[in-house]
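A.B. asks: Supplied in structure tokens, the structure appears directly below.
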Amino acid sequence: MDRIEELRAFVAVADLRGFAQGGRRLGISPAQISKLIARLEDRLDRRLFNRTTRDVSVTDEGRALHARARALVEEYDLLERSAQETAKPRGLLKLSAPISFGMQLGSALLDFAGAYPDVSLDVSFTDRAVNLVEEGYDAAVRISALADSSLVARKLASVQGAAIASPKYLAQRGTPQVPDDLRAHEAILDLNMAEPHNWVFGNGAKRMEVRVNGRLRFGNPYINAAAARAGFGIARVPEFVAANTMKNGELVRVLEKYEPVAPVAIYVVYPHARHLASKVRVFIDFLVERYAGMRTKDP
């Protein structure tokens, strides 16, 4: 067992190029992981890492060991999980999700907790893109035009944008008929956007970009929608954020025919693994089925 833990520590440090980072992955202190590495080096009579005050690099002997050690650790973990897991998923499931999708995701999480009583949930809501491997997350929900990634991604839903305003604001300032009319309006800016002042409409050859301005800027689409509801201007938010207030008439959608078709999507992402733990597998399948109605075909 001690030898497996030494190899596990070696793989973590080699993967992440740091003792502190490797310790965080394994949930142990840098001192503990240093002790495991030192024991492995003594036993093998080989230096596996070059250490400086600023950097950790793998030696030639370490590189030769790395791939084989990772395979052994993965094989051991596979064997251990296969022996431990029963027909029922169990254990702690650590998740990350964006704040903006939290209201939607909350009910799904509670339903999942009800369906799988042996799975404990530890869910962090943050708009920061966490490092799943380094920070020990099993999976994360992300809203984005998904960049190339080493993570496995399953699409949950398409995200349609909506430009919204209160009837009172539109009665006072007029309803924009084309995107360019927004230049004369007070915009409520979303700081989660890469370029909050630039609102893009249309698709393909009909794509158009409008620069908007406004005195209110928030990093939360629900606050943006609340500001629009209070009559401060026109906001642009994910459609699911304003769905209920548009239904009851508190907010009115504008420029709908110019909205791009689902420019981003919601994904559940998780690290590559030869054997996906049953608690993670059933959670991913649960979310995919839950949001099936919100998906559209990829362009």
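The values are calculated or read from the model by the stated rules, or taken from the named source; none is laboratory data. On a predicted model such as this, the values are computed, not experimentally measured, just so you know. Because the Cβ atoms are built from the backbone with ideal geometry, glycine has one as well, and the counts that use them run over all protein chains shown. Note: areas computed on protein heavy atoms with side chains; ligands, DNA, RNA excluded. Shrake-Rupley method; radii C 1.70, N 1.55, O 1.52, S 1.80 Å.
A.B. asks: What FRET efficiency do you get for Thr53 and Arg215 if R0 is 51 Å and r is their Cβ-Cβ distance, rounded to the nearest 0.05?
C.D. replies: Once the sixth-power term is evaluated, E becomes 0.60.
A.B. asks: Please list, in chain and number order, the residues 5+ apart from Gly161 or on another chain whose amide H is under 5 Å from its amide H, with Hs placed from the backbone.
C.D. replies: For Gly161, whose amide H was placed from the backbone, the distant partners under 5 Å are Glu239, Ala262.
A.B. asks: Could I ask something else about it? How far apart, in nm, are the 7 Å Cα→Cβ label points at Tyr76 and Arg3?
C.D. replies: In this crude label model, Tyr76 to Arg3 measures out at 0.9 nm.
A.B. asks: Please give the solvent-accessible surface of Met103 in Å², to the nearest 10, using a probe radius of 1.4 Å with every protein chain present.
C.D. replies: Ignoring ligands and nucleic acids, Met103 comes out at about 150 Å².
A.B. asks: Further question on the same structure: Apply the Karplus parameterisation 6.51 cos²θ - 1.76 cosθ + 1.60, with θ equal to phi minus 60°, to every residue of the range 172-180 and state each ³J(HN,Hα) to the nearest whole Hz, in sequence, with x for glycine and proline.
C.D. replies: Computed from phi, the couplings for the range 172-180 are 7, 10, x, 9, x, 9, 9, x, 4 Hz.
A.B. asks: Using a 1.4 angstrom probe, figure out how much accessible area the chain has per residue, in square angstrom, rounded to the nearest whole.
C.D. replies: 54 Å²
A.B. asks: Would you pull out the residues with amide H under 5 Å of Glu259's amide H, same chain only if 5 or more places away, H placed 1.01 Å from N?
C.D. replies: The list, which skips near neighbours in sequence, is Gly202.
A.B. asks: Summing -39500 (n - 2.57) over the DSSP H runs of n ≥ 4 in the chain and dividing by its residue number, what mean residue ellipticity at 222 nm do you reach, to the nearest 500 deg cm²/dmol?
C.D. replies: About -12500 deg cm²/dmol.
A.B. asks: So, taking all protein chains as they sit and a 1.4 Å probe, how much accessible area belongs to Thr126, in Å² rounded to tens?
C.D. replies: Thr126 exposes around 30 Å² with every protein chain in place.
A.B. asks: Suppose R0 equals 30 Å; then what is the FRET efficiency for Ser29 and Ala113 from their Cβ-Cβ distance, rounded to the nearest 0.05?
C.D. replies: 0.40
A.B. asks: Just grab the label-to-label distance for Asn248 and Leu191, each label 7 Å out from Cα along the Cβ direction, in nm (one decimal).
C.D. replies: Using points 7 Å along Cα→Cβ, the separation is 2.8 nm.
A.B. asks: Sticking with this structure for a sec: Over the alpha carbons of the chain, what is the largest minus smallest coordinate on each principal axis, giving the biggest first in Å?
C.D. replies: 79, 46, 34
A.B. asks: Looking at the chain, identify the longest residue range that excludes and avoids all trypsin sites (Lys or Arg not before Pro) in DSSP loops having at most 13 other Cβ atoms within 10 Å.
C.D. replies: No qualifying site falls inside 129-206, the longest such stretch.
A.B. asks: Once amide H atoms are placed 1.01 Å from N in the peptide plane, what residues at a sequence separation of 5 or more from Val152, or on another chain, have their amide H within under 5 Å of its amide H?
C.D. replies: Distant-sequence amide H within range of Val152: Tyr270, His272.
A.B. asks: Calculate how large, on average over all directions, the projected area of the Cα convex hull of the range 152-285 is; give the answer in nm² to one decimal.
C.D. replies: Mean projected area for the range 152-285: 9.9 nm², to one decimal.
A.B. asks: Given 0.36 nm per residue, what is the gain on full extension from Asp42 to Asp122 after removing their alpha carbon distance, in nm?
C.D. replies: Going from the current span to full extension adds 25.0 nm.
A.B. asks: Then there is this: Test of understanding: what is the full-extension gain from Arg63 to Arg183, defined as 0.36 nm times their sequence separation minus their Cα-Cα distance?
C.D. replies: 37.4 nm
A.B. asks: Continuing with the same structure: What number, in nm² with one decimal, is the all-direction average of the projected area of the convex hull of the alpha-carbon atoms of the range 1-116?
C.D. replies: Spelled out: convex hull of the Cα atoms, projected over all directions, averaged, 9.9 nm².
A.B. asks: Can you give the angle from 0 to 90° between the axis of helix 60-84 and the longest principal axis of the chain, with both taken from C-alpha atoms, to the nearest 10?
C.D. replies: It works out to around 80 degrees.
A.B. asks: Also, quick follow-up: Specify the angular offset, from 0 to 90 degrees and rounded to the nearest 10, of the alpha carbon long axis of helix 2-16 from the longest principal axis of the alpha carbons in the chain.
C.D. replies: For helix 2-16, the angle is close to 40 degrees.
A.B. asks: What shape does the range 198-276 take by its C-alpha gyration tensor, where a ≥ b ≥ c are the square roots of the eigenvalues and a/c under 1.5 counts as rounded, a/b above b/c as prolate, and the rest as oblate?
C.D. replies: It comes out prolate by the Cα gyration axes.
A.B. asks: Calculate what fraction, in whole %, of the accessible area of the chain sits on carbon and sulfur atoms when a 1.4 Å probe is rolled over the protein chains.
C.D. replies: The value for the chain is 51 percent carbon and sulfur by accessible area.
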